[in-house]
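The values are calculated or read from the model by the stated rules, or taken from the named source; none is laboratory data. The model shown is predicted, which means the values in this text are computed figures rather than measured ones. Glycine also receives a Cβ, built like all others from the backbone with ideal geometry; neighbour counts cover every protein chain displayed. To get the accessible areas, we keep the full protein, side chains included, count just its heavy atoms, and leave off ligands, DNA and RNA. Shrake-Rupley method; radii C 1.70, N 1.55, O 1.52, S 1.80 Å.
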Amino acid sequence: MRGPQSGGRPRLRAMRIDERLASGSEPSFSFEFFPPRTDEGERNLGRALAELSRLKPTFVSVTYGAGGNDVQKRKTVDIVSSIKAEHGLEAMAHFTCVGATVDQLRETLDLMRDAGIRNVLALRGDPPLGQTDWTATEGGLEYSRELIELIRADYDFAIGAACFPEVHINAPSAESDLRYCKEKVDAGARFLITQLFFDNALYWDFVAKARDIGIDVPIIPGIMPITNFEQIKRFTSTIGASIPDGLLTELGLRADQPDAVADLGVAYATLQCADLLSKGAPGIHFYTLNRSTATRAILSALRTMAPWRDAVAA
């Protein structure tokens, strides 16, 4: 993929995601990608972008250099810029505190601004590879709230933040996690995207509690279609998310049938998303894992059913 100065199509005017969310008459649909590390990964991402761009998402997002790797961080900026230039999609860069001083964070923000990026998902980030505990970089920041404050003070980005229906794995309690989420919104986050979940009751319980303490921004459910049983077990264990017993049982019965697992994953995610949208969720953010097949099937089915037509906004 070419960057913004590579002689590709002229850069299109970027739009703020918060404005898109506020003006949309239909739900927001968005896709998350990650910077590939191999040539095959590059090809997977290229295919996924080409296929998913046809679905005209509200926006897409690109995760930020895992483990604080500078090459990967720059790659995030390059991919976000090229998505707009080559596919005409609004794109958001994830941005973390990992492995950077405040001056280095500003340098990257300057790079994003100069590349025409207008949307940032501000995150604390996970510990660098090989570390289990989070430690702030000397001269850096400790919390995502501080990163949001830094961005809001000196840059004109639309800022998003993460939230956790099943509580952040490092939070001391659900109450403290919710209070901290409110601090992020008060600091300048204009929309929230949830960690993945498989039980919609968890989402609605979180939304109700968030509204009760004054969080009034859109809370977009994050959904990951299950396509690999062992992969989703490892991933949910790492982040502290749960799989409902019934779904876990059915996946286990198909553990030696990868295609059957994927079929069940698509069916379950379609029903899950339809239920969320029918009850007023503002949209769906799909964790695509740089693949397109499952997400395409789910979103095509949702747009055919349009379960949001009679929904009351949440």
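Give the residue, chosen from ASP275, ASP259, ASP263, that is in contact (Cβ under 8 Å) with a residue 60 or more places away in the chain, under 28 Å from LYS56 (Cα atoms) and either in contact with a strand residue (DSSP E or B) (Cβ under 7 Å, 6 or more places away or on another chain) or assigned to a helix (DSSP H, G or I) (or both). Walk me through how you get there before you give the answer.
Values: ASP259 fails: in contact (Cβ under 8 Å) with a residue 60 or more places away in the chain; ASP263 fails: in contact (Cβ under 8 Å) with a residue 60 or more places away in the chain.
Result: ASP275 is the single residue among ASP275, ASP259, ASP263 that is in contact (Cβ under 8 Å) with a residue 60 or more places away in the chain, under 28 Å from LYS56 (Cα atoms) and either in contact with a strand residue (DSSP E or B) (Cβ under 7 Å, 6 or more places away or on another chain) or assigned to a helix (DSSP H, G or I) (or both).
Checking ASP259 against (1) surrounded by fewer than 16 Cβ atoms within 10 Å (Cβ to Cβ); (2) at pLDDT below 95, which test does it fail?
If we test ASP259 against (1) surrounded by fewer than 16 Cβ atoms within 10 Å (Cβ to Cβ); (2) at pLDDT below 95, just (2) comes out false.
Looking at segment 43-63, which of its residues are more than 15 Å from GLY88 (Cα to Cα), without any contact (Cβ under 8 Å) to a residue 40 or more places away in the chain and either among the acidic types (Asp, Glu) or part of a helix (DSSP H, G or I) (or both)?
The answer is ARG43, and nothing else.
Just to check your reading of the model, which residue among THR135, THR194 is among the β-branched types (Val, Ile, Thr) and without any contact (Cβ under 8 Å) to a residue 24 or more places away in the chain? Quick ask: steps written out before the conclusion?
On the way: THR194 fails: without any contact (Cβ under 8 Å) to a residue 24 or more places away in the chain.
It is THR135.
Does segment 152-167 hold any residues that are touching an Asp or Glu at 6+ places or on another chain (Cβ under 6 Å) and either among the β-branched types (Val, Ile, Thr) or more than 15 Å from ALA122 (Cα to Cα) (or both), and which are they?
VAL167
Is there any pair with a first residue in segment 9-29 that is open to solvent by 90 Å² or more (accessible area, probe 1.4 Å) and a second that is modelled with pLDDT of 60 or more and among the small types (Gly, Ala, Ser) whose Cβ atoms are under 7 Å apart and which are 6 or more apart or on different chains, and what are they?
ARG9/ALA85; ARG11/ALA85; ARG11/GLY116
If you scan segment 76-121, which residues turn out to be over 26 Å from ARG54 (Cβ atoms) and open to solvent by 20 Å² or more (accessible area, probe 1.4 Å)?
GLY99, THR101, VAL102, ASP103, GLN104, ARG106, GLU107, THR108, ASP110, LEU111, ARG113, ASP114
Restricting to segment 181-201, give me the number of residues that are open to solvent by 50 Å² or more (accessible area, probe 1.4 Å) and more than 16 Å from the chain's Cα centre (by Cα). Please lay out each step first, then the result.
Within segment 181-201, the first condition is being open to solvent by 50 Å² or more (accessible area, probe 1.4 Å), and the residues that meet it are 183, 186, 190, 199, 201.
After this cut, where a residue has to be more than 16 Å from the chain's Cα centre (by Cα) as well, the list is 183, 186, 199, 201.
Here the count works out to 4.
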